[in-house]
Structure formats: C-alpha cells, structure tokens
Amino acid sequence: MKNQQAIRTALKGLSEQEDQNINLAELALTLAAAEQRSEDTKHYHNHLLLLAKGVREELRNKKIEQDNPTPEDMALALNNVLVDKFRYKGDEETYESLDNTNLMCVIDRRAGLPITLGILYLHAARAQGWCAVGLSFPGHFLIRLENRDGRRVILDPFHAGRIIDTPELRSLLKLVEGQASELSAAHYQPASDRAILFRLLDNIKTRQLDKGCIEAALEVLLNMQILLPENVNLWREGGLMYLRLGRLEEALRALDVYITRVPEGPDRRRIDLVVQELRERVH
C-alpha cells in the first residue's frame, strides 16, 4: 500500500497545480519508483540532469544559437544527445512490455514507448527554456518544438526523433485510425501535461488488463480517477472491474456515480439495469 499511497499523494498534489507548473518527468519517475517499490531515485534524477546538460553542451559545441535556435537545430541537438549519445530507441521487439511504461526501466534499458521517450524529450527541451509540447495525436505520441519566431517541427520520439512532415503525419493517422481518417486541426492540438500523464497511466492499465491482472489494473484506474475525476467513463470501467473481482458493494458505488453523471442514453440504461441487479444482490 505504501507505493500506492506515494502515487496518490503525488496525484492529489498535482490536482492543485497549474499545468505549467507540473514537472512531467519528475512525476513519471514518482510513478515508476512506486511501481518498483524503490525509494532510491537519485540515479534517475541525475540522468535527467545529464540529458538537459548534454543538450546545452551540444548547442555550444555546434555553435548553435542558444536563445532562439531554429526548431530543426533544436531537434538536431536533442537527437544527438538522446539517440546518438545515450542510445535511446523505441522498443519494437517487446512493445507491450510493462517495462516500457516505467520511466526508471526506460532509462535503464534505453528503450521505451513513444510516450515515455517523449517525456524524456520534453524534459530535455524544456530545460533549455524551449517551447515543447506533446500532441493530441491518437495511437502514437508525438512532440512539437517551436521557436520564438513561431516556426515548428513535429518529432517522432519512438523513431530516433525524426522530423515528420504533413504527408507522413497523414499516413501515420491512416495507419492508426484507418484509411478513411483525415488530418484535422485537432491532431495538432497540444496535450496538457495532465493529459500526457493520464495517457501514460492508461498504457499501464491496458497492459495490466492484457495480462489478466485486474487488481493491478484497478489500482491504476483509481489513480486515473484522482488525476481526472470529471472523466465519467472511469467510474463505469472501475465499477465493471470491481464486478469482475466480486467486490459487489464497491461496484455498486462506482456504477451509481456513473449513472448519476452520464446523460440519458442506451448505455446509461444498460448500466442502470446492472445497478438494480447489484442492489438486489447486496441488500
């Protein structure tokens, strides 16, 4: 329980902060340390410092303007440090491994998911004072770099930080969502750091469910509820997990919350029937 309490304390503190004050990499390390049941994170915090320092040195060595580099030079400096120096790469061979969702493991293995690698890119870029954001792109986490002149590039942290142009972005979208999908302004919208952390937790939850570890998946989902309590679908999903675990009273409470918050519709009626049946079984 101690590890879960550490996560929940961090997430509750996060709910009281403005998004721009969130240290995304530090929070991801907190999640990782709690999952690993480890309090010794000094090595990993030092590694984050090394990444930031490495990019600063790269700019200086290449005589790149530090105050307002081009986004292409930003990308070059980041890739020279993360890919060439520290050998980070996307884990294509064991993509579904839980290790890829744990930032401590990612740092140890130098391999991870688009989102965990993206968090490292964002950390190294923001340490330079650069404008770096994650994008609300489905299925594959991307980051965008922007300089003070408003010039932008989009990077794929999973594939060696390569710059993606519009045709490649369109192809990636069709690969993820089907051939009928088309790029829209929504695909270029920045994701808040809360949304990025939520997406990371969702990756962990999905992998736990795929392994059949419902208890572990439920613990992650409860953390997601703390992070985004207004997401009503989390109460539905949590209620059904409780039901699968035979924890009927908790299932009833969670599904009650869902039906009181969700608009009228077919799913609400279906869950209402489940709630009525649960009430008869519990009382």
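Within the stretch 151-159, can one find any residue that is under 18 Å from Asn100 (Cβ atoms), assigned to a loop (DSSP other than H, G, I, E, B), assigned by TED's automatic domain parsing to the domain that holds Ala25 and touching a Phe, Trp or Tyr at 6+ places or on another chain (Cβ under 7 Å)? Yes - at least one qualifying residue is present in the stretch 151-159.
Show the residue pairs meeting these rules: Cβ distance below 9 Å; 6+ apart or different chains; first residue within the stretch 260-283 and touching a residue at least 12 places away in the same chain (Cβ under 8 Å) and part of a helix (DSSP H, G or I); second residue among the charged types (D, E, K, R) and surrounded by fewer than 14 Cβ atoms within 10 Å (Cβ to Cβ). Close Cβ pairs (under 9 Å, with a partner that is among the charged types (D, E, K, R) and surrounded by fewer than 14 Cβ atoms within 10 Å (Cβ to Cβ)) amount to Arg261/Glu230; Leu278/Glu249; Val282/Glu249. Among the residues making up the stretch 99-142, those that are part of a helix (DSSP H, G or I) and more than 20 Å from Arg194 (Cβ to Cβ) are Asp99, Asn100, Met104, Cys105, Val106, Ile107, Asp108, Arg109, Ala124.
When the stretch 178-237 is examined, which residues are found to be among the β-branched types (Val, Ile, Thr), out of contact with any Asp or Glu (no Cβ under 9 Å at 6 or more places or on another chain) and touching a residue at least 60 places away in the same chain (Cβ under 8 Å)? Passing the criteria: Ile196, Ile226. Look at the stretch 23-49: where a residue is under 21 Å from Ile196 (Cα atoms) and a partner is in a loop (DSSP other than H, G, I, E, B) and not basic (Lys, Arg), sitting 6+ places away or on another chain with Cβ atoms under 6 Å, you get Leu29/Thr41; Ala32/Asn102; Ala33/Thr41; Glu35/Asn102. Among the residues that make up the stretch 187-208, is at least one of them part of a helix (DSSP H, G or I) and more than 29 Å from Leu31 (Cβ to Cβ)? No: the stretch 187-208 contains no residue that is part of a helix (DSSP H, G or I) and more than 29 Å from Leu31 (Cβ to Cβ).
The values are calculated or read from the model by the stated rules, or taken from the named source; none is laboratory data. A quick note: this is a predicted structure, and the numbers were derived from the prediction, not measured. Because the Cβ atoms are built from the backbone with ideal geometry, glycine has one as well, and the counts that use them run over all protein chains shown.
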